[in-house]
1. In deg cm²/dmol, rounded to 500, what helix-only [θ] at 222 nm does the chain give when every DSSP H run of at least 4 residues adds -39500 (n - 2.57) and the total is split over its residues?
2. Which parts of segment 80-94 would a label at residue 31 reach, counting a residue when its backbone N lies under 19 Å from a point 7 Å out along Cα-to-Cβ?
3. Could you work out how far helix 74-114 tilts from the main Cα principal axis of the chain, as a 0 to 90 degree angle to the nearest 10?
4. Tell me, 97, 79, 92 in order of fewest to most beta-carbon neighbours within 10 Å?
5. With no solvent and one equal point scatterer placed on each C-alpha of the chain, evaluate the Debye formula and give log10 I(q)/I(0) for q = 0.16, 0.22 Å⁻¹, two decimals.
6. How do 67, 89 line up, fewest other C-beta atoms within 10 Å first?
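Every number here is computed from the coordinates shown, using simple stated rules; none is lab data. Computed from a predicted model, the values in this text were never measured in an experiment. Neighbour counts run over all protein chains shown; Cβ positions are idealised from the backbone, glycine included.
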């Protein structure tokens, strides 16, 4: 596995070494990753601070998915995983609504050509 983003520092809310031993793992579609974390991971520090966890992002052998390792206390790992899953679901729903709107627009265009 290739590391996309690695830590240079450990946030003060992560206890070393006990919080670094058993990370929670979340696999996310690589296309969603930019929308979760922003360009070059610019939102990672904010999401880490809100969830009181630490993230490490790794690409998998399949370029379709990326693995997010979540470090911290048990409760903070659960909270961080829930936050990321909620953000990914929100993005998916927004994409779905966009496709529905696109399909409706295409149908309207087809109706216009037929008249």
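1. Numbers: 3 runs with 57 residues, N = 115.
Helices in the chain give a 222 nm mean residue ellipticity of -17000 deg cm²/dmol.
2. What the label zone holds, given the 19 Å backbone N cut-off, is 85-94.
3. Once rounded, one gets 10 degrees.
4. 97, 92, 79
5. With no solvent term, the Cα-only Debye profile gives -0.75, -1.23.
6. With the sparsest Cβ surroundings first, the list reads 89, 67.
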